[in-house]
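Asks: Here it is: the structure, laid out below.
The values are calculated or read from the model by the stated rules, or taken from the named source; none is laboratory data. As the structure is a prediction and not an experimental result, all values here were calculated from the model. Methodologically, a virtual Cβ is constructed for each residue, glycine included, from the backbone with ideal geometry; neighbour enumeration extends over all protein chains shown. Side chains included, ligands, DNA and RNA excluded: accessible areas come from the protein's heavy atoms. Shrake-Rupley method; radii C 1.70, N 1.55, O 1.52, S 1.80 Å.
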Amino acid sequence: MKVWCALLMAVLASAAKAAELPDFGTPADAAMSKSREAQIGRGVMLQLRNAGVVVDDPLLTEYLSNLGSQLSSLTNDDDEVATQEFNFFFVKEDSINAFALPGGFIGVNSGLLLASETESELAGVLAHEISHVTQRHIARAAYDNQRTSIMSIAATLAAIVLGVATDMPGDAMTGVITAAQALAAQRQINFTRGNENEADRVGIELLATAGFDPNGIANFFEKLGRRYGSSQMVPEILLTHPVSAERVAEARGRARQLPPTTHTDSPNYALAKARLRVLNAETPEAAMAAFQHKESGTPGDRYGLALASMRISLNDNAERLFRDLIADYPAVMAFRIGQAEAMAASGATEAAMQVYAESVRLFPRNIPLTISYAEALIAAGKPAEAHELLLDLLNNVPPTPAQLRLIARAANAEGDVANAYFYMSYYYASIGNLPLAIGQVRMALETPDVHTVDRARFRSRLDQLIEYLPEEQRDLANASGPQ
């Protein structure tokens, strides 16, 4: 407990120090620089991951990231915004909400995806949160309130850290995290009415530019307002994003000023909703009940039925459903992955490997496909092939945490312990835990019989990681451990 209390004090001290930064650049930068925003965001993300509330599913992550990138890439016309990186992720939470953390981390609760009825509604919420980031609302609020706002951000991290430290029960832990998201990331950062209106305006223009229905934001908020207006069970998004008839009317008025846009939902939108319903079902039977009698339904219904069939071990039925879907939609990656996974689960390993190999030939370096294939190779006792496959992906595509953790697992299964530690250093760095990342490189250097070339690579990585540390910690890091 003393360690966690020390961490809490460090977080609060760091926040206080941030409030005293000299005025370089914009007023927002004076209160909270972009590097400080990123540092706080990575810290909160680390605690969310450690608490197990981030949805770590490659297909869902890819869908949300692609949708978010489709919007955020259009903000880079401004040189000030061009350096902003975004990370989009789902949270295992049924309540309807979304939030922007410092540093461009944008979370979407599972409940929000399931509550949306069109892709433009989901994209509208993302565009709104992206606009909070690009307009520097967090830093601007911190400038207005100086120490108070930054301390409230630290309180978010502190609440999560203390929840983990005290072994809080799962339901209570989720409550702490949810409250931290809603209160500190939205209310206590004080997204004023002006900020909300600005995020609406910029978000609506962003939606239209990206080819979505610019009414997506207004449609979603108006629908929730009608559904919960007289209810005491108000969803969190209406608490953190207060909706009034005037605000909806203003949003619709802005949308009318833009060129009309017709958007057709992408197939992956329906597949993501179906996949999330199956993953969120409390039991395999409940998942199956949600999609029974839908074999002749939409592609999303058929996909959900196939996934649910796998959950109750009806793998042959699932494989048949996936095969039929591939015949109708040969370019949809989720169906090919599902067919191979169903085959592997039923014991048809060689047939599954053939499906994987053909899919990789048609769609090289697809992240969800490569991860699924690599997992199957490791399970089949072929870790060297998995390592080679994942290394090619690592060298050509920006890695995800799941991908980095898996390549470390493949290397370890192959007996390449030093590189397993090395890859894990990238995994921990990707989730914001620099001390553990540095520790992994040091263990790689301490591994017996490390090749000279690998040793040089590990030392270079260690120097790089130490440079990322706050200045006051670098001397201590350089003085300890193997060099």
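Asks: Has the stretch 351-362 got any residue that is more than 20 Å from Leu393 (Cα to Cα) and open to solvent by 10 Å² or more (accessible area, probe 1.4 Å)?
Replies: Yes, there is a match, as at least one residue in the stretch 351-362 is more than 20 Å from Leu393 (Cα to Cα) and open to solvent by 10 Å² or more (accessible area, probe 1.4 Å).
Asks: Answer yes or no as to whether Ile466 is more than 27 Å from Pro102 (Cα to Cα), in a helix (DSSP H, G or I) and in contact (Cβ under 8 Å) with a residue 12 or more places away in the chain.
Replies: For Ile466, the condition - more than 27 Å from Pro102 (Cα to Cα), in a helix (DSSP H, G or I) and in contact (Cβ under 8 Å) with a residue 12 or more places away in the chain - is not met.
Asks: Also, quick follow-up: Given (1) in contact with an Asp or Glu (Cβ under 9 Å, 6 or more places away or on another chain); (2) at pLDDT 85 or above; (3) buried (at least 19 other Cβ atoms within 10 Å of the Cβ); (4) not polar (S, T, N, Q), where does Ile138 come up short, assuming only one miss?
Replies: (2)
Asks: From the list Ser110, Ser120, which one is touching a residue at least 12 places away in the same chain (Cβ under 8 Å), surrounded by fewer than 24 Cβ atoms within 10 Å (Cβ to Cβ) and among the hydroxyl-bearing types (Ser, Thr, Tyr)?
Replies: Sole residue among the options that is touching a residue at least 12 places away in the same chain (Cβ under 8 Å), surrounded by fewer than 24 Cβ atoms within 10 Å (Cβ to Cβ) and among the hydroxyl-bearing types (Ser, Thr, Tyr): Ser110.
Asks: Pairs only if they're at least six apart or on different chains, beta carbon under 8 angstrom, first in the stretch 193-209 and closer than 12 Å to Glu129 by Cβ, second open to solvent by 50 Å² or more (accessible area, probe 1.4 Å) and aliphatic (A, V, I, L, M); list them, first residue then second.
Replies: Pairs found: Leu206/Leu74.
Asks: Further question on the same structure: Out of all the residues in the stretch 454-465, which are surrounded by 15 or more Cβ atoms within 10 Å (Cβ to Cβ) and farther than 17 Å from Tyr427 by Cβ?
Replies: Answer for the stretch 454-465, where residues must be surrounded by 15 or more Cβ atoms within 10 Å (Cβ to Cβ) and farther than 17 Å from Tyr427 by Cβ: Asp454, Arg455, Arg459.
Asks: Something else now. Here are some conditions: (1) over 30 Å from Phe221 (Cα atoms); (2) assigned to a helix (DSSP H, G or I); (3) free of Cβ contacts under 8 Å to residues at least 40 places away in the same chain. Val278 meets all but one. Which one does it not meet?
Replies: Condition (1) is where Val278 drops out.
Asks: Could I ask something else about it? Could you list, in sequence order, the residues of the stretch 286-323 that are surrounded by fewer than 16 Cβ atoms within 10 Å (Cβ to Cβ) and either touching a Phe, Trp or Tyr at 6+ places or on another chain (Cβ under 9 Å) or closer than 22 Å to Ala115 by Cα (or both)?
Replies: Passing the criteria: Ala286, Ala289, Gln292, Gly297, Thr298.
Asks: All but one of (1) part of a helix (DSSP H, G or I); (2) open to solvent by 30 Å² or more (accessible area, probe 1.4 Å); (3) hydrophobic (A, V, I, L, M, F, W, C) hold for Val397; state the number of the condition that does not hold.
Replies: Single failed check for Val397: (1).
Asks: Taking Arg254, is it open to solvent by 40 Å² or more (accessible area, probe 1.4 Å), of a type outside the set (A, V, I, L, M) and modelled with pLDDT of 95 or more?
Replies: no
Asks: Which residue pairs have Cβ atoms under 9 Å apart, sit 6 or more places apart or on different chains, and have a first residue in the stretch 49-69 that is closer than 13 Å to Leu113 by Cα and open to solvent by 40 Å² or more (accessible area, probe 1.4 Å) and a second that is assigned to a helix (DSSP H, G or I) and of a type in the set (A, V, I, L, M)?
Replies: Thr61/Ile367; Thr61/Ala402
Asks: What number goes with the only condition from (1) under 21 Å from the mean Cα position of the chain (by Cα); (2) not in a helix (DSSP H, G or I) that Ile407 does not pass?
Replies: Failing condition for Ile407: (2).
Here's the yes/no breakdown for (1) open to solvent by 60 Å² or more (accessible area, probe 1.4 Å); (2) in contact with a Phe, Trp or Tyr (Cβ under 7 Å, 6 or more places away or on another chain); (3) modelled with pLDDT of 95 or more:
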{"position": "Glu385", "(1), (2), (3)": "yes, no, yes"}
{"position": "Pro401", "(1), (2), (3)": "no, yes, no"}
{"position": "Glu414", "(1), (2), (3)": "yes, no, yes"}
{"position": "Tyr421", "(1), (2), (3)": "yes, no, yes"}
{"position": "Pro435", "(1), (2), (3)": "yes, no, no"}
{"position": "Thr452", "(1), (2), (3)": "yes, no, no"}
{"position": "Leu469", "(1), (2), (3)": "no, no, no"}
{"position": "Glu472", "(1), (2), (3)": "yes, no, no"}
{"position": "Ala479", "(1), (2), (3)": "yes, no, no"}
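Asks: How about the stretch 45-123: which strands (runs of 3 or more DSSP E) wholly inside it have at least 1 residues that are at pLDDT 90 or above?
Replies: It comes to 87-91, 105-109.
Asks: For the list (1) at pLDDT below 90; (2) under 33 Å from the mean Cα position of the chain (by Cα); (3) open to solvent by 60 Å² or more (accessible area, probe 1.4 Å), I need the number of the one condition that Gln483 fails.
Replies: The number of the failed condition is (2).
Asks: So, in the stretch 437-450, of the ones that are in a helix (DSSP H, G or I) and under 24 Å from Ile378 (Cβ atoms), which residue ends up most open to solvent (accessible area, probe 1.4 Å)?
Replies: In this case the residue turns out to be Met443.
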